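The values are calculated or read from the model by the stated rules, or taken from the named source; none is laboratory data. The shown structure was predicted, so the numbers you read here are calculated from the model rather than taken from an experiment. So basically every Cβ, Gly included, is an ideal-geometry build from the backbone, and we count neighbours across all protein chains shown.
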Amino acid sequence: MKLEGIHHITAITGDAPANVEFYVGVLGLRMVKKTVNQDDPTVYHLFYADDAGSPGADLTFFEYPGARPGRAGAGMVHRIVWRVGSAEAVDFWEQRLAAHGVATERADGALRFADPEGLGHELVVSTVPDAPLVADAPDIPREFALQGFDGVRAYTDDPGRSAQLLRETLGFSGGDDRTWEVRGDERGGSYTYDPAPAQRPVPGAGTVHHVAFASRMEDHDAWQERVTRAGARATPVIDRFYFRSIYFREPSGVLFELATIGPGFGADEDPEHLGERLSLPPNFERLRGELEQKLTPLPNPRAVKARV
């Protein structure tokens with residue numbers, strides 16, 4: 001069995017309208033699903049990705065309106081690393097972000113910045129053969145668009161304690177330089193540890209909730225059994241309608257999810273119109289009227305792309 005790189009990354013926002021404006025309007029991603037947190041359906045779960053809503057480019061947010069700012073610390077992902085196609089693309093993004101008032105920093109050929117709530121991002125030139133996962137945006141040339149995830153960086157006090165689970169149970173490779181690779185037959189990604197800051201972690205707006213790695217549907221039950229045998233206290237397989245999930249914490253404290261490739265976001269929407277309406281899994285449909293009155297009104301993603 002192999003995990004096919006990163007499936008999705010889920011973070012927290014306290015301001016869903018501003019979140020849409022940034023990730024659709026500035027970064028040029030497509031909103032591919034507007035739904036609810038299935039563990040707390042009174043709040044949004046927003047999904048941004050490439051045009052197809054592919055695993056490997058899927059950044060998602062739980063909205064807790066007015067949530068206090070968080071602070072990444074030990075046991076948390078603190079930066080999301082994206083692929084772009086060239087050094088010219090990095091230049092493009094430096095200029096585009098500056099035009100939108102976003103501070104950037106160059107580091108070893110990469111470009112670092114944060115979203116309006118402080119969530120860290122980094123753009124790197126792709127060095128792998130993986131297919132680029134691109135969303136079309138009217139004001140972003142396709143050759144400069146984001147191409148999906150390259151990896152994530154997490155904080156830990158002791159990277160060695162996670163080595164056995166990552167290598168022997170999950171099949172990651174590397175690790176000697178604190179960077180691990182998770183690679184399947186079609187896609188891969190990196191998982192890197194950085195020394196944890198002294199201050200304690202504070203979950204909240206602008207922090208990552210969990211990182212999910214992609215599993216093939218036929219392997220998912222076996223992954224649950226394998227992780228459980230390794231002592232990681234995995235949940236049972238949970239049906240999220242758009243994919244199936246297993247959750248557990250790796251020894252450094254980061255919340256991992258294994259999520260299946262499929263059924264996908266076209267399960268209840270025309271692929272041409274993903275994310276244009278509130279989508280509810282069948283067991284939540286009875287709550288539609290109540291939820292539509294409670295959830296924060298959002299700007300139209302297509303209008304955002306055309307305007308920003």
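Just a few scattered comments:
- Lone unmet requirement of (1) touching a strand residue (DSSP E or B) at 6+ places or on another chain (Cβ under 6 Å); (2) over 20 Å from R240 (Cβ atoms) for D15: (1)
- All conditions in (1) of a type in the set (D, E, K, R); (2) free of Cβ contacts under 8 Å to residues at least 40 places away in the same chain; (3) touching a Gly at 6+ places or on another chain (Cβ under 8 Å); (4) part of a helix (DSSP H, G or I) hold for E181, with the sole exception of (4).
- Considering residues of region 131-183 that are small (G, A, S), buried (at least 20 other Cβ atoms within 10 Å of the Cβ) and in contact with a Lys or Arg (Cβ under 8 Å, 6 or more places away or on another chain) only, the residue nearest to D219 (Cα to Cα): G148
For (1) touching a residue at least 60 places away in the same chain (Cβ under 8 Å); (2) within 23 Å of G53 (Cα to Cα); (3) surrounded by fewer than 19 Cβ atoms within 10 Å (Cβ to Cβ); (4) touching a His at 6+ places or on another chain (Cβ under 6 Å), each residue gets a yes or a no:
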{"site": "G189", "(1), (2), (3), (4)": "yes, yes, no, no"}
{"site": "P197", "(1), (2), (3), (4)": "yes, no, yes, no"}
{"site": "P203", "(1), (2), (3), (4)": "yes, no, yes, no"}
{"site": "E225", "(1), (2), (3), (4)": "no, no, yes, no"}
{"site": "R244", "(1), (2), (3), (4)": "no, yes, no, yes"}
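- Taken together, the criteria place G275 among residues that are in contact with a strand residue (DSSP E or B) (Cβ under 8 Å, 6 or more places away or on another chain), in contact (Cβ under 8 Å) with a residue 40 or more places away in the chain, at positive phi and in a loop (DSSP other than H, G, I, E, B).
- Of the residues examined, Y155 is one that is modelled with pLDDT of 95 or more, aromatic (F, W, Y), under 22 Å from A110 (Cβ atoms) and part of a strand (DSSP E or B).
- The single condition among (1) free of Cβ contacts under 8 Å to residues at least 24 places away in the same chain; (2) buried (at least 19 other Cβ atoms within 10 Å of the Cβ); (3) of a type outside the set (S, T, N, Q) that G289 does not meet is (2).
- Evaluation of L287 against the conditions (1) in a helix (DSSP H, G or I); (2) in contact with a helix residue (DSSP H, G or I) (Cβ under 9 Å, 6 or more places away or on another chain); (3) aliphatic (A, V, I, L, M) shows that the sole unmet condition is (2).
- Some residue of region 245-257 being outside any loop (DSSP other than H, G, I, E, B) and more than 21 Å from the chain's Cα centre (by Cα): no
- Residues of region 227-242 classified as closer than 26 Å to G266 by Cα and either assigned to a strand (DSSP E or B) or in contact (Cβ under 8 Å) with a residue 40 or more places away in the chain (or both), total: 5
- On inspection, T296 fails the criterion of being farther than 11 Å from T35 by Cα, of a type in the set (S, T, N, Q) and under 20 Å from the mean Cα position of the chain (by Cα).
Here is a yes/no grid of residues against (1) at pLDDT below 95; (2) of a type in the set (D, E, K, R):
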residue: V211; (1), (2): no, no
residue: R240; (1), (2): yes, yes
residue: R244; (1), (2): no, yes
residue: I261; (1), (2): no, no
residue: G264; (1), (2): yes, no
residue: D270; (1), (2): yes, yes
residue: P281; (1), (2): yes, no
residue: L291; (1), (2): yes, no
residue: R307; (1), (2): yes, yes
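Conditions tested, residue by residue: (1) touching a His at 6+ places or on another chain (Cβ under 8 Å); (2) within 12 Å of L29 (Cα to Cα); (3) free of Cβ contacts under 8 Å to residues at least 60 places away in the same chain.
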residue	(1), (2), (3)
T104	no, no, yes
G109	no, no, yes
G120	yes, no, yes
D130	no, no, no
A137	no, yes, no
I140	no, yes, no
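- Residues that are among the small types (G, A, S), in a strand (DSSP E or B) and within 29 Å of Y64 (Cα to Cα) within region 96-122 comprise A114, G120, listed in sequence order.
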